[in-house]
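Read through the structure below, which is laid out as C-alpha cells, and then see the notes.
The values are calculated or read from the model by the stated rules, or taken from the named source; none is laboratory data. On a predicted model such as this, the values are computed, not experimentally measured, just so you know. FYI the Cβ positions are ideal-geometry reconstructions off the backbone, even for glycines, and counts take in every protein chain you see. Quick note on the areas: whole protein, heavy atoms, side chains included, nothing else; ligands and nucleic acids left out. Shrake-Rupley method; radii C 1.70, N 1.55, O 1.52, S 1.80 Å.
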Amino acid sequence: MLEAAIASRNDADINAVARIAQQTNPQARAEIAAMVNQYRVTMETARKEKLSDPHVLALWDGRGELGGFLSTGTAEEVGISAGLSLQRQGLRWLHKLQGSADYRRANGETSRERFQGSYEGRYQFDPKGYAYGLAQYERDPFLGYDSRYTTSIGVGYRLLQNKKMDLSVNVGPSLRLVDYTLDESENKLGARSSYDLAWKLTPALTFRQNGSAYLEDELKSATLLTSLDARLISKLTARLSYNVQREADTILIDGHTDTLSKVTLVYDF
C-alpha cells in the first residue's frame, strides 16, 4: 500500500498510509520511515534539477486576465480591462513580468486610460530573505502624467509560507521620473515599500492583496489591490477586485484617491 501511495506522488496519501502502516506494523517503523524519506529526497532532487534548467524559455508560468462591458441606448459606454503576468521560478532567481490596461469611453469621450508594465527580479539568498530589483512604467493622463518611470532596488523577507498563506514584504530606495501632461517633468528620489499576500481560504477560493507605497519629498503615492479569486474549472478563474490608488499633490494636480472595481476572468497557462 505504501509503495502504491508513493507512486501516486500525493503527499497527503503518503503521510496517511505511512502513519497507519507504522501503527499496524510497529516492527517495521524504521523501514517505513526510510521509504518515505527516500521518496522525499528523490522529489527534492528532481525539483532542484528542474529549477536549474538554464534554458531562458523554460520554467515560465503565466496568467491572462480579461474583462469588459458595452452599454448602448441613452448613453453609449464601452470599457475593457486586460492583464498579463509571466513568472519564471528558478533555483535562486525569480523573474516576474506584468502588464495591465484599463480603458473606458463614454459618449465619445475617454474617461479612463491607464497602462502599466513592470519587471521584477528576485535573488533568494536564504530560505526567507531575498534581494530585488524593479523597473516599472505607468501612463495615466487622468492622474496628470503621460508617463512615469520607476526603478527600485532593495531587500525582501517572506514572513509566512505554507500551504494556505504566503506573505512577503519589500523595502528599498526608489527613483521616479515623471512626465506630466502639460510638458512638465519631475525626478524624485525616495523610498519604496510593498507587500504581497495570498491566502487560500478553500481549495477553490483565494484572497489576494498587493500594496505599495512611495515616500518622496513633496510627492507621495500608494496603491492597494484586493482581489478574491474563485476557480471555475482547472485553469479558469473568476476574479472580483478592488483597487485603491492615492496620489498626493503634484505640480499639476491636487491630491486625491482613485478607486476601481472589476469583475474579470483569469486563465492560467
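Looking at GLN116, is it out of contact with any strand residue (DSSP E or B) (no Cβ under 6 Å at 6 or more places or on another chain) and surrounded by 15 or more Cβ atoms within 10 Å (Cβ to Cβ)?
When the stated conditions are applied, GLN116 does not pass them.
Check ASP183, ASP196 and return the single one that is assigned to a strand (DSSP E or B) and among the acidic types (Asp, Glu).
Matching residue, one of ASP183, ASP196: ASP196.
For every residue, the table says whether it meets (1) open to solvent by 70 Å² or more (accessible area, probe 1.4 Å); (2) of a type in the set (A, V, I, L, M, F, W, C).
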| residue | (1), (2) |
| --- | --- |
| ALA12 | no, yes |
| GLN22 | no, no |
| ALA30 | yes, yes |
| MET43 | no, yes |
| ALA46 | no, yes |
| GLY64 | no, no |
| SER71 | no, no |
| GLY79 | no, no |
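Keeping to segment 164-199, report how many residues are surrounded by 14 or more Cβ atoms within 10 Å (Cβ to Cβ) and free of Cβ contacts under 8 Å to residues at least 12 places away in the same chain.
So the count comes out to 0.
Note down all Cβ pairs under 8 Å where the first residue falls in segment 1-29 and is under 15 Å from MET43 (Cα atoms), the second is open to solvent by less than 90 Å² (accessible area, probe 1.4 Å) and of a type in the set (Phe, Trp, Tyr), and they're at least six residues apart or on different chains.
Final answer for the pair search is ILE6/TYR39; ILE14/TYR39.
Just to be sure before I move on: is LEU134 in a strand (DSSP E or B), open to solvent by less than 50 Å² (accessible area, probe 1.4 Å) and modelled with pLDDT of 95 or more in the structure I sent?
Judged against the criteria, LEU134 is a match.
Please go through segment 144-154 and pick out each residue that is assigned to a strand (DSSP E or B) and either among the small types (Gly, Ala, Ser) or open to solvent by 80 Å² or more (accessible area, probe 1.4 Å) (or both).
Residues satisfying the conditions are SER147, TYR149, SER152, ILE153, GLY154.
List, please: which pairs have Cβ atoms under 6 Å, are six or more places apart or on different chains, and start with a residue in segment 236-250 that is in contact (Cβ under 8 Å) with a residue 60 or more places away in the chain and end with one that is in a strand (DSSP E or B) and open to solvent by 20 Å² or more (accessible area, probe 1.4 Å)?
What qualifies is GLN245/THR223; GLN245/ASP258.
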